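Input: a single structure, listed below in structure tokens.
Since every read-out is calculated from the coordinates, none of them should be taken as a lab result. Worth saying up front: this structure is predicted, and the values here are computed from it rather than measured. Because the Cβ atoms are built from the backbone with ideal geometry, glycine has one as well, and the counts that use them run over all protein chains shown.
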Amino acid sequence: MTSLFEYAPAPESRSIVDVAPSYGLFVDGEFVDGSGEPMKTVNPATEEVLSEIAVGTEADVDRAVRAARRASTRVWGPMRPADRGKYLFRIARILQERAREFAVLESLDNGKPIRESRDVDVPLAAAHFFYHAGWADKLGHAGLGPDPRPHGVAGQVIPWNFPLLMLAWKVAPALATGNTVVLKPAETTPLTALLFAEVCRQADLPPGVVNIVTGAGDTGRAVVEHEDVDKVAFTGSTEVGRSIARAVAGTRKVLTLELGGKAANIVFDDAPIDQAVEGIVRGIFFNQGHVCCAGSRLLVQESVHDEVIASLQRRIGTLRVGDPLDKNTDIGAINSAEQLARIRELSDVGEAEGAHRWQPVCELPERGFWFPPTVFTDVSPAHRIARDEVFGPVLSVLTFRTPDEAVAKANNTTYGLSAGIWTEKGSRILAIADRLRAGVVWANTFNQFDPTSPFGGYKQSGYGREGGRHGLAAYLKESS
Amino acid sequence: MSDRLAVRKTYKLYVNGAFPRSESGRTYEVTDARGAFLANAAHASRKDARDAVVAARGAFGKWSGTTAYNRGQVLYRVAEVMEGRHAQFCEEVAAGEGLSAGRARAVVDAAVDRWVWYAGWTDKLAAVLGSANPVAGPYFDFSLPEPTGVVAVLAPQRSSLLGLVSVLAPVLAGGNTAVVVTSRERPLPAITLGEVLATSDVPGGVVNLLTGDAGEIGPWLAEHDDVDAIDLTGAPAGRALELERLAAGSIKRVLRPPAEEPDWTADPGTGRMTRFLETKTVWHPIGL
Amino acid sequence: MTHVLDPGTLEAGTRPAPGSGAPFDDVTRSDAALRAFLHGLPGVDQVGAEQRAATLGTRSIKTTAKAWAIDTAISMVDLTTLEGADTPGKVRSLAAKARRPDPTDTTAPAVAAVCVYGDLAGVAVEALEGSGIHVAAVATAFPSGRASREVKLADVRDAVGNGADEIDMVIDRGAFLSGRYLEVFDEIVAVKRECGDAHLKVILETGELVTYDNARRASWLAMLAGADFIKTSTGKVSPAATLPVCLVMLEAVRDFRAATGRQVGVKPAGGIRTTKDALKHLVLVNETVGADWLSPDWFRFGASSLLNDLLLQRQKLRTGHYGGPDHVSID
């Protein structure tokens, strides 16, 4: 198909963000130097170094935890709940006011398309603060007794795939319930968290309520293992989740984990095919597939396999891969060289194991970390690409013949975060949704998120929920 | 009548609806509170635990798929049959825990009542714990509690019936299946409870009772990849940390043990049920 | 379910010759067969379709792409007047505008067609002579379609007789909604016959069909009956053209071509007033059916006020500053 209609570049202006050459840690309301060897954060689309970031050591984490403890006992804990709520409302509003700045910065640091950071990440982050703000003075109605109490200091470690949104998922409920926070952003995507520190200052949030300690794995470990942390919340890989569960074993720390996934997206032969194809695309190519709940295993009924794959390939052919700041980009950059290497490795294994790799004709930029949207057909459930989380734009296609087989294959994983069902038959949706062992089931849609809607996994995808009334339970001690 | 020689009961394991001996062939002597011989109990091995997990997994689909109303009736039926065995439970509790007849009766009464309390919860959980979520878009979005799966329970060491019921019934009410390691020193009421379960309408495999040493079997259950959660209430002193670490390997839900065995007569609250429930959220578009 | 959208499932011997609806001849044998066929088409999920259309609506069309798109959109306009107050004078002034939309800039392309009621088709033909601009006439008791078959066919004959080379007919929505699909089909076939060489655009009036499922079924029905174009609306019913309904219709023509080899055009009409709306539609075409449909032969806008907005935007691109309503002609 010749292209008559070539979209001219439509880059979002970068001038709205002002990235400092270096950043310190945000502790007790101030930016302070880190004691570790600073690290660099790069733009994954260009490999340009964006800034130098402080690295928190155990001593730095200790200072942050002490600040959080002070704030908890002296200010945030005793504060009138309604006032805590007002601070969160302020934060929500400031996020909305500075939405564009956050979106651009997120795309710069993470590599995700500006369309997604602008239309998904940032508005949802603001929504999370707005939603939880309202809870602050209504916690007695949350089903956790008349006067549930905060744990105290929450240590939170978040991933690089939705840097600001995951911050919001962690910080908003923690603050609404009266906890204070020591947050460790991901090593490769610290910038929006540091901009968030500025939001806290604009909101006049009391010092020490939110502390942001940047760094890599060691810094995260220091947060998790600090003995004065009462509550640990982690989003990231199942492997790290295991080590955190081991680390907090035998302590009084309360733990919630949101880990990996290998979601089945089940397409029945009576599905609304065009929307199903959109849902498959949204399921696996949203955010370059860097999504724990990505629909990475397409389970398609054999009778419509060829039709669905043909439609899917045609649709993937229209995806625009490239500059994350271009408003028409659908797929941005892979977040890091390390992640790119993993995606390549697993894709190569997929091919070596006998699956058939398909990629559209797709020109990738020379610099930066890129991987084209990829579909593997002829995948068997025994293949690694059908079992391991790739965390990239790589779809594995499997088939089924009957609903029972679909359910059995969908559940045949150690994960249990999410799943999708596509069929026009209502009773079938309810039957399948009931039998899927997954925390979130999207029927005739995929990858939808909302602060009112509890999110979290079954099995080795973790425990605890984020969002909704259920999410509050992670940050409160039940009262009787 | 007094010169009649009693017919004694052989206490075995309760696995998959049957009463096998330990595959290891081992037994151990159970005595009353004063040290007098009561019975030789089966001394469950890791392979018995493995078999019990297979049975519990096999039973999970049917038990969790039973309607909440039906599950409530089945559990209520258990209480009815317990009531019929009241005297036997009293005797075993009195002997094992060294209680007076009156105290033992009170404990058994409380245990039956506790079971009834949980039986009544089955069809309330979804209403109390579920939600319709007002998402900002054209979707119907709801969240419902679902059972976690196969739950390993290290039952309390001291309270051999009321404590056992207090940890087992909440696991079952939510639709889980259970592998229970009973009190080591006081296992007899557990096996009698197994007989109650076998003669009520609880499907085989839903509850599996292993008499023996939680310190020996616990690690195998904690590390078992097909066990979804573990209740460490009866973990031997000093072993909870190790067990929790082992459980981390498969991201098990862990209920940590209290500092000391609680007063089981207190109001239990819902915490023991919610601990072994997952929340499933389902989205569907609203359109014409 | 029959997988009508997959030409690969057709028997080799029954594979259609391009330009015919051959593989589906049997589905119009009876009312029951046609119903089974139309109801066997994959459903449309409203929310998903609207979300897809909305996402495409966020495409940012700038600079050279915008210039190309504006000119393409102008060339796709069926410049329309369908008022009871229409006069030969009004039609002649519209024709002049169609030939030379921007009097200040001769590089602005001409529109695709002028669309009028059948009795004024002759006036339009005369005014447009030699321009290559088509004359479209609405017919079949437009806009309601509530007249006998004979009256509708006479209406078509009259318009064709007056020189219209494109006929915009309305389907019988009453018959469609009550499930008398074969009746609707037969009527389109009959109208097509009366059209002779004139192109037939079949107006579905999707605002009255309400659901996207119906829009998809009506699209297939019209294409099976021989429509050269399928058109969303009369412009007299709200909602008229919307992005998602256009998306559903584009998917239908895409799938129909895949199944039969015959390409059918799409015309959203009514409610498209701004350049932004038009550009969104072109993006929709581009990313749903591709370049094959990006020409006035296969995609049209039924509109009146749209043209002036396109011209204003065109002037803005050319001059670098904004214009106002007095810088384009009122017709």
Semi-axes of the protein assembly as shown from the Cα gyration tensor (sqrt of 5 times each eigenvalue, largest first, whole Å) come to 64, 36, 24
Restricting to Cα pairs below 8 Å that are 6+ residues apart, what does the relative contact order work out to for the range B:1-118? Please round to a whole percent.
20 percent
Using a Gaussian network model of chain C with C-alpha springs under 10 Å, which one of C:Asp155, C:Asp71, C:Asp228 is most mobile by mean-square fluctuation?
C:Asp71
Out of A:Phe369, A:Ile316, A:Pro451, whose Cα points farthest toward the positive end of the dipole of chain A (charges: +1 Lys, Arg; -1 Asp, Glu; placed on Cβ)?
A:Pro451
Peptide ranges C:196-204, A:7-15, C:262-270, B:82-90 listed from the most packed, as the mean C-beta count within 10 angstrom indicates
C:262-270, C:196-204, B:82-90, A:7-15
Helix B:162-173 sits at what angle to the longest principal axis of chain B, using alpha carbons and giving 0 to 90 degrees rounded to 10?
30 degrees
Report, as an integer, the average count of C-beta atoms from other chains found within 10 Å of each Cβ along C:284-290.
4
Calculate for the protein assembly as shown the 222 nm mean residue ellipticity that helices alone would give, adding -39,500 (n - 2.57) per DSSP H run of length 4 or more and normalising by residue count, nearest 500 deg cm²/dmol.
-12000 deg cm²/dmol
Under a crude label model (7 Å from the Cα following the beta-carbon direction), how far is A:Ser479 from A:Ala82 in nanometres?
1.7 nm
Build a GNM of chain C with springs between Cα atoms under 10 Å: which of C:Thr274, C:Thr72, C:Thr232 gets the top mean-square fluctuation?
C:Thr274
Farthest towards the positive end of the dipole of the protein assembly as shown, among C:Cys246, B:Ala6, C:Ser144 and with Cβ unit charges of +1 on Lys and Arg and -1 on Asp and Glu, lies the Cα of B:Ala6
Grab the alpha carbons of the range B:53-117, take their convex hull, and tell me the volume per residue in Å³.
96 Å³
Summed over the other residues with a beta carbon less than 14 angstrom from that of A:Pro451, with K and R at +1 and D and E at -1, the charge totals -1
What average count of beta carbons from other chains do you get within 10 Å of the Cβ of residues in B:130-137?
6
Please report, in debye to the nearest 20, how large the charge dipole of chain A is about its Cα centre when each Lys and Arg carries +1 at its beta carbon and each Asp and Glu carries -1 there.
1620 debye
What's the angle, to the nearest 10 degrees (0 to 90), between helix B:86-97's Cα axis and the longest principal axis of chain B?
70 degrees
Across the residues of A:456-464, average count of Cβ atoms on other protein chains within 10 Å?
5
Given unit charges at Cβ for Lys, Arg (+) and Asp, Glu (-), the dipole magnitude of chain B about its Cα centre in debye, nearest 20, is 280 debye
Largest first, please: the extent of the C-alpha atoms of the range C:20-120 along each principal axis, to the nearest Å.
56, 42, 28
Taking the alpha-carbon distance from A:Lys459 and a cut-off under 23 Å, which lysines remain once sequence neighbours fewer than 8 residues away in the same chain are dropped?
A:Lys170, A:Lys231, A:Lys253, A:Lys262, A:Lys409, B:Lys62, B:Lys252, B:Lys280
Between helix C:212-224 and chain C: long-axis angle, C-alpha atoms, 0 to 90°, nearest 10:
80 degrees
If each residue's Cβ is checked for other Cβ atoms within 10 Å, how do A:Val27, C:Val289, A:Val440 rank with the fewest at the top?
C:Val289, A:Val27, A:Val440
Measuring from centroid to centroid over Cα atoms, what is the spacing of the range C:316-331 and the range C:196-233 in Å?
35 Å
Would you please put A:331-341, A:174-184, C:165-175 in order of how densely packed they are, using the mean number of other Cβ atoms within 10 angstrom per residue and starting with the highest?
A:174-184, C:165-175, A:331-341
What order, most packed first, do the peptides A:250-263, A:300-313 have when packing is the mean number of other Cβ atoms within 10 Å of each residue?
A:250-263, A:300-313
